[in-house]
Amino acid sequence: MADQVLKREDTFPRWCHCARMSRRQLLGLIAAQGTTALLTACHSTAMTPSKPVSSSGLNSQAMTAAPAATVTLGMPATITQHGSKVTVVYWDAFGGERGKLVQEIVQRFHAAQSDVEVVYQFQGSYDDTGQKLLQAIAAKQTPDLVLLADNWWFRFYLNDVLQPLSSFFAQAGIDLQDYVGPLLNEGTRHGEVYWVPFARSTPIFYYNKTAWQEAGLPDRGPETWEEFAQWAPKLVQQRGGNVSRSAFAMPTGAGNTPGNLTSLISWLFQPIVWQWGGRYSDEALGIHIQEAPAIAAGQSFLLRPLSEGWAIPSGDIDAAFLNGGTAAVMQTTANLANYERNAPFPVGTAKLPKGPAGFGCCTGGSGLAILKGKPVEVQQAAFRYIAFATSPEITAFWSQNTGYMPVRRSAVEGTLMTQFYQQRPNFRTAVEQLPQARQCDPAREWIPNGFDIIGRGLERVLTQREDPVSVFPALGQQLTEAASSIIAQLKQREGDTVQRIRIL
């Protein structure tokens, strides 16, 4: 492989018979009959989807319903020399069932073409992957393709190590308008795409329908947090003078996947701050967490439920919910498939309740990025995988088996997902909530370890019952000091105009 010279002479992979046509014949075919003719003209034994992973407990029907073949057509060319293959090293951050799903996507990609081999390498959690990439950059031994969390990709953009991708989309003929706007725009700077949405989520409200029924509550989520506070005492159960089931559980830093530290609590508290009229920071990285609205959010949402005895801090809110230790949690939609599969009770989902200032919801999750400085054929090959993994068919497959939101509009509106939503309405909650959601404030996403600074402060409130009125000003000072270097980097990278594209 290393000794071969890879030539770029065609516009389509070897297995596509269109490569044998003249350019004039091909353009004429497309003009006359469109994409359907292209699909008819191209064929391969790889057009049959790979077999579902039967031993992993995954949704085989959803896997079969998402054929992989058509999404590889029209990708940028990488190889024409017979027998040659481009290898792409891909760093992933999903273990367990989600990791098996990603490996299934890689297998489908391999089944759909023979020019690119993706070498899947699991790196640990989001934070583990980000830290390892920092080390790899320092050692000049980076992967070609990497999955980065929403609170990690920006620091690599600032250091100019991510490859701009807009020209790849244009060359492939992929309409960026088909990507869900709020999700794609998070990875877009000044009109250039650097980070492509893949595993994207929002927090939603989960509740135990059996507990709700026993308490005589309506089968829905609360409209407001105040309404939930009124319902909460009915949901609490005691045994031997101790609370055996709380109404609500809130995560401490230890409640994240190993290595994620305080990322989860700082993410879940973000919409709460908005709902109380506050914010972590503004778009220019001015810090506001120390101001009255954010403090009020901390006192009302964190301290009050604990002092009233109907909420608990938990090192593992997923286990607390599934084991019946709490009747409700606020958690990522990505946990939905796991909850429905493992809960011994029917699971309900709802949009986040409103706060005094109205509704607020943030986005989260991860996306795919290509590293700069790689040979062009490797970058093109890596992009072929990105286009495949975020295609309408594959994003539908991924969403149905996890709970993450489809990242393509055509998938959300297509038959696969509309029929699925009718059968599994819980999965529709995050999609319906998304138009009102927005990306987290820059203090959490742009400042290295900003999520950890915020999360550790929130942990003090949850575990030590410290008042936000004394905790949050110290957080504000820490964030302000940490933001100064980022502001300087932004000016150096983008000039005097600090811009952040946000479409709600």
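Residue under question is Ser84, and the condition is that it be in contact (Cβ under 8 Å) with a residue 24 or more places away in the chain, out of contact with any Asp or Glu (no Cβ under 9 Å at 6 or more places or on another chain), buried (at least 16 other Cβ atoms within 10 Å of the Cβ) and among the small types (Gly, Ala, Ser); does it hold?
Judged against the criteria, Ser84 is not a match.
Considering region 351-377 alone, what residues qualify as being over 30 Å from Phe301 (Cβ atoms) and crowded, with 21+ Cβ neighbours inside 10 Å?
Leu368, Ala369, Ile370, Leu371
So which residues in region 426-459 are over 20 Å from the mean Cα position of the chain (by Cα) and either among the acidic types (Asp, Glu) or open to solvent by 10 Å² or more (accessible area, probe 1.4 Å) (or both), if there are any at all?
Residues satisfying the conditions are Ile453, Arg456, Glu459.
Quick check on my filter: what residues within region 227-242 are touching a residue at least 60 places away in the same chain (Cβ under 8 Å) and either surrounded by 16 or more Cβ atoms within 10 Å (Cβ to Cβ) or under 13 Å from Glu308 (Cα atoms) (or both)?
Answer for region 227-242, where residues must be touching a residue at least 60 places away in the same chain (Cβ under 8 Å) and either surrounded by 16 or more Cβ atoms within 10 Å (Cβ to Cβ) or under 13 Å from Glu308 (Cα atoms) (or both): Phe228, Ala229, Ala232, Pro233, Leu235, Val236.
Do we find a residue being of a type outside the set (Val, Ile, Thr) and free of Cβ contacts under 8 Å to residues at least 12 places away in the same chain anywhere in region 260-269?
Looking through region 260-269, none of the residues is of a type outside the set (Val, Ile, Thr) and free of Cβ contacts under 8 Å to residues at least 12 places away in the same chain.
Given the criterion open to solvent by less than 20 Å² (accessible area, probe 1.4 Å), outside any strand (DSSP E or B) and within 30 Å of Gly495 (Cα to Cα), identify the matching residue among Phe109, Phe94, Phe154.
Checking each option against the conditions leaves just Phe154.
Could you check region 301-350 for strands (runs of 3 or more DSSP E) lying wholly inside it with 1 or more residues that are open to solvent by less than 10 Å² (accessible area, probe 1.4 Å), among the β-branched types (Val, Ile, Thr) and in contact (Cβ under 8 Å) with a residue 12 or more places away in the chain?
Where strands (runs of 3 or more DSSP E) fall fully within region 301-350 and carry at least 1 residues being open to solvent by less than 10 Å² (accessible area, probe 1.4 Å), among the β-branched types (Val, Ile, Thr) and in contact (Cβ under 8 Å) with a residue 12 or more places away in the chain, they are 328-332.
For region 170-180, what are the residues that are in contact (Cβ under 8 Å) with a residue 40 or more places away in the chain and either open to solvent by less than 10 Å² (accessible area, probe 1.4 Å) or part of a loop (DSSP other than H, G, I, E, B) (or both)?
Gly173, Ile174, Tyr179, Val180
Taking the condition assigned to a strand (DSSP E or B) and either buried (at least 22 other Cβ atoms within 10 Å of the Cβ) or out of contact with any Gly (no Cβ under 6 Å at 6 or more places or on another chain) (or both), does Tyr207 pass?
Yes, satisfied.
Identify all residues within region 438-492 that are farther than 20 Å from Met250 by Cα and not in a helix (DSSP H, G or I); write none if there are none.
Arg438, Gln439, Asp441, Trp446, Ile447, Pro448, Asn449
Taking region 107-127 only, how many residues are aliphatic (A, V, I, L, M) and either within 13 Å of Thr87 (Cβ to Cβ) or within 21 Å of the chain's Cα centre (by Cα) (or both)?
Adding up the residues that qualify gives 3.
With the structure loaded, tell me whether Gln275 is touching a residue at least 60 places away in the same chain (Cβ under 8 Å), closer than 17 Å to Leu352 by Cα and of a type in the set (S, T, N, Q) or whether it fails that test.
yes
When region 128-151 is examined, which residues are found to be free of Cβ contacts under 8 Å to residues at least 60 places away in the same chain and assigned to a loop (DSSP other than H, G, I, E, B)?
Lys140, Gln141 - these are the residues of region 128-151 that are free of Cβ contacts under 8 Å to residues at least 60 places away in the same chain and assigned to a loop (DSSP other than H, G, I, E, B).
Which is of a type in the set (S, T, N, Q) and within 26 Å of Leu268 (Cα to Cα), of Gln131, Gln113, Gln135, Gln141?
Unique residue meeting the criteria: Gln131.
Look at region 157-169 and say how many of its residues are outside any loop (DSSP other than H, G, I, E, B), out of contact with any Ser or Thr (no Cβ under 9 Å at 6 or more places or on another chain) and either touching a residue at least 12 places away in the same chain (Cβ under 8 Å) or within 12 Å of Lys372 (Cα to Cα) (or both).
5
The values are calculated or read from the model by the stated rules, or taken from the named source; none is laboratory data. What you are looking at is a predicted structure, and each value in this text was computed from that prediction instead of being measured. For neighbour counting, all protein chains shown are included, and Cβ atoms are generated from backbone atoms with ideal geometry for every residue, glycine included. Side chains included, ligands, DNA and RNA excluded: accessible areas come from the protein's heavy atoms. Shrake-Rupley method; radii C 1.70, N 1.55, O 1.52, S 1.80 Å.
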